Amino acid sequence: MISMQRRMLLGSAGVALAAPMIMTRAAVAQQATAETPMSDAATMPPDTHRFNVGKFEVVVVKDGARASENPQETFGTNQTPETVGALLEANFLPADKFVNSFSPVLVNTGSDVILFDTGLGEGGRANGLGRLVEGLAAAGYKREDVTAVVITHMHGDHIGGLMEGGQPTFPNARYVTGQAEYDFWVDPARVGTPAENGQKGVLANMKPMAEKTTFIGDGGEVVSGITGMAAFGHSPGHMIYRIESEGRQLVLTADTANHFVLSLQRPDWEVRFDMDKAAAAATRAKVFDMLATDKLAFLGYHMPFPSVGFVEKVDQGYRFVPKAYQFDI
C-alpha cells in the first residue's frame, strides 16, 4: 500500500513538473509566430501566368490590383446600390467593395514578341501598381525583347507604361493601334471636354510614337495569326484581337467587359468608364455572344488574374468560367 501511494505521488509530481515545460514551449512557439512578419505584396514578385495557344507562347502579367468601395458608382450606374450589391452577394462577393486588376499580355510567336497594353507604368508605382516590366523579367523577358506593342485603346491604365523616365520603355518596338482611337484622342477638339485629361496622357505617351506606329481598323493584321476587331463603345476606337495558331484560338477582349460578374452577367448595365454606354453594351452582347456560341477562350484585361476563361450564355447575360487545363493538353 505504501509503495503504491509513493508511485502515485511520484507520478503526480512528474505531471506537475511537465506542465510548466509544456506551457513554456507553447508560449515560445506563440511568441515566435507573433514575431514573424507578414509578407508584403510589394516585395513579392509580380504574378505571371504562362500557357500556349498553338505554337504561340502567351504570358499574362499582373501589373497590379486596386480595391475600391461602392461598386455601384462604377458598375451598374443605372441601377440601385441594393441591386448591384445583391448580384455581388449572389456570387459570393462583398456588396460594398470590389477589386480591379490590370493584366497586360505578351505573345511570343517565335518570330515576334508582341506586348498588348502596358499597364499604369511609373505613375502607378506609389500605389503598388505599374509592375509590368518587373513581371516580364520574372517571366524571362527583357524590355529590349519586345518587337511590337499593341495598344487596344488609350485609357491611362493601358498606355501608362509606354514611357519610362521620358524615354520609350520598349526601345526596339514598333507600335500598333486603332486609327479611330488615335484620331479621337489627338484631336484638339478634346480640349475643354471631359476627355481632356485623358488626351494629355495620349499626347505624352502615345503621340511621340506616331512615326513608329501602324494604324489599323477592323480586320487589320498585327502579324500573321493576330487580327484586330473593332469593339467600339468603351472608347471611340476600342479594339480587340483574335490570336490563332495551329487551330487554337484566344480573343483578347481588353475592356469590353470590366468585371467578371457585373459586366458579364448584366452586360446591359452601364459602366462609368464606358464613354458611349449604349455602344459599349451592344458591343458586349455581340462579342460575348460570339465567344459563347463558338466556345472560344478569351482574356479580359480586368478579369480575375490570370484573366483567362470562357463564357456561357445564362439568364440575362453570361457566366464566366475560368481557364483550367484546356491549353495544357
Check the stretch 210-231 and report whether any residue there is surrounded by 18 or more Cβ atoms within 10 Å (Cβ to Cβ), part of a helix (DSSP H, G or I), out of contact with any His (no Cβ under 9 Å at 6 or more places or on another chain) and modelled with pLDDT of 95 or more.
-> no
Which one is farthest from the chain's Cα centre (by Cα), of the residues in the stretch 139-148 that are of a type in the set (Gly, Ala, Ser) and not in a strand (DSSP E or B)?
-> Gly140
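Residue by residue, here is whether (1) part of a strand (DSSP E or B); (2) of a type in the set (D, E, K, R) holds:
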site	(1), (2)
Ala280	no, no
Asp289	no, yes
His302	no, no
Pro306	no, no
Phe310	yes, no
Arg319	yes, yes
Ile329	no, no
Identify the residue in the stretch 251-273 that is without any contact (Cβ under 8 Å) to a residue 60 or more places away in the chain and buried (at least 22 other Cβ atoms within 10 Å of the Cβ) and, among all such residues, is nearest to Pro104 (Cα to Cα).
-> Thr253
So which residues in the stretch 300-327 are under 9 Å from the mean Cα position of the chain (by Cα) and under 16 Å from Ile240 (Cα atoms)?
-> Gly300, Tyr301, His302, Met303, Ser307
Taking the stretch 300-324 and keeping residues within 22 Å of His238 (Cα to Cα) and β-branched (Val, Ile, Thr) leaves Val308, Val311
Can you tell which of Phe75, Phe98, Phe56 is aromatic (Phe, Trp, Tyr), surrounded by 14 or more Cβ atoms within 10 Å (Cβ to Cβ), within 25 Å of Leu162 (Cβ to Cβ) and assigned by TED's automatic domain parsing to the domain that holds Thr147?
-> Phe56
Could you say which residue among Gly160, Gly178 is touching a residue at least 40 places away in the same chain (Cβ under 8 Å), surrounded by 22 or more Cβ atoms within 10 Å (Cβ to Cβ) and in contact with a helix residue (DSSP H, G or I) (Cβ under 6 Å, 6 or more places away or on another chain)?
-> Gly160
Within the stretch 149-197, residues acidic (Asp, Glu) and either outside any strand (DSSP E or B) or over 24 Å from the mean Cα position of the chain (by Cα) (or both) come out as Asp157, Glu181, Asp183, Asp187, Glu196
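The values are calculated or read from the model by the stated rules, or taken from the named source; none is laboratory data. Here the structure is a predicted model, which means the values were calculated and not measured. So basically every Cβ, Gly included, is an ideal-geometry build from the backbone, and we count neighbours across all protein chains shown.
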